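Here's the structure, in structure tokens; my notes come after.
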Amino acid sequence: MSGLVLFDLDNTLVNRERAFLLWAQQFLAERNLDATDLDWVVAVDADGKQSRAAFFQALRARFGFGDSDEALIAAYLKDVQAFYEPEPPTLDALEALRYAGWKLAVVTNGPATQMDKIRAAGLDKVLDAWCMSGVIGVAKPEKAVFEEAARRCGVPLDGGWMVGDTPEIDILGGKRAGMRTAWMARKRTWSITEYAPDLVASDIAEVSKRILNP
């Protein structure tokens with residue numbers, strides 16, 4: 001059996017947590033700020049859920065930067081890309097799915113610059129399509145995002161999988177779109193009782209194996 005597998009991007013196909021931490025360390029060093037502020041910066045980032053405008057507004061208020069929010073955001077989007085890199089286990093797992101006939105796509109809530117992460121991680125070579133909410137004008141958990149990814153892959157949405165790390169957006173959104181779902185646990189325990197993923201995994205290699213060997 002084959003079909004469609006959709007993936008979230010940050011902290012699913014790419015290690016956004018690691019990339020942000022490395023960027024934050026470099027940022028503090030370049031600004032001659034105290035390294036002990038790292039935990040505060042990470043907390044304000046809120047695992048990427050904080051908007052970049054609100055994030056840098058908080059940093060300007062704390063550290064007194066004279067830079068505009070726009071300049072800080074532009075520099076961040078440029079500099080953070082250096083900390084994304086290909087992860088062979090992830091690429092191999094995706095290749096295994098493609099070899100078995102599955103079509104693969106990214107569905108991510110974010111701007112067009114998410115494509116920079118996809119290229120930096122080498123994912124553009126193993127994906128069939130990608131949908132960024134800032135480009136297509138609709139965001140997860142809306143069903144239209146999943147439908148557009150399926151259209152770009154040229155396969156039906158029915159019977160497909162949605163893989164991601166955010167319960168409300170990825171798992172519930174995928175379920176409402178009629179898909180099976182896989183949750184990237186990231187050392188967490190599933191605690192929601194109203195709904196649950198079809199499988200829980202620690203990495204993409206595990207997801208691939210379990211989809212290929214149900």
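The values are calculated or read from the model by the stated rules, or taken from the named source; none is laboratory data. For clarity, every value in this text was computed on a predicted model and none was experimentally measured. Glycine gets a Cβ as well: all are built from the backbone with ideal geometry, and neighbour counts include every protein chain shown.
Summary of values
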item	result
From the options Ala100, Ala29, residue that is more than 22 Å from the chain's Cα centre (by Cα) and over 22 Å from Thr181 (Cα atoms)	Ala29
Condition met for Phe27 (surrounded by 17 or more Cβ atoms within 10 Å (Cβ to Cβ) and over 25 Å from Ser133 (Cα atoms))	yes
Pairs, first farther than 21 Å from Glu168 by Cβ and in the same structural domain as Gly154 (by TED's automatic domain parsing) in the range 100-122, second of a type in the set (S, T, N, Q) and modelled with pLDDT of 95 or more, C-beta under 8 Å, six or more apart	Ala121/Thr90
Boolean, Ala43 is within 30 Å of Glu206 (Cα to Cα) and buried (at least 17 other Cβ atoms within 10 Å of the Cβ)	no
Among the residues listed as Lys209, Lys125, Lys117, the single one being charged (D, E, K, R) and more than 27 Å from Val80 (Cβ to Cβ)	Lys209
Test: residue in the range 79-87 that is in contact with a Leu (Cβ under 7 Å, 6 or more places away or on another chain) and outside any helix (DSSP H, G or I)	no
The range 168-184 residues that are at positive phi and in the same structural domain as Asp203 (by TED's automatic domain parsing), paired with ones that are modelled with pLDDT under 95 and surrounded by fewer than 19 Cβ atoms within 10 Å (Cβ to Cβ) (beta carbon under 9 Å, 6 or more apart)	Gly178/Asp158; Gly178/Gly159
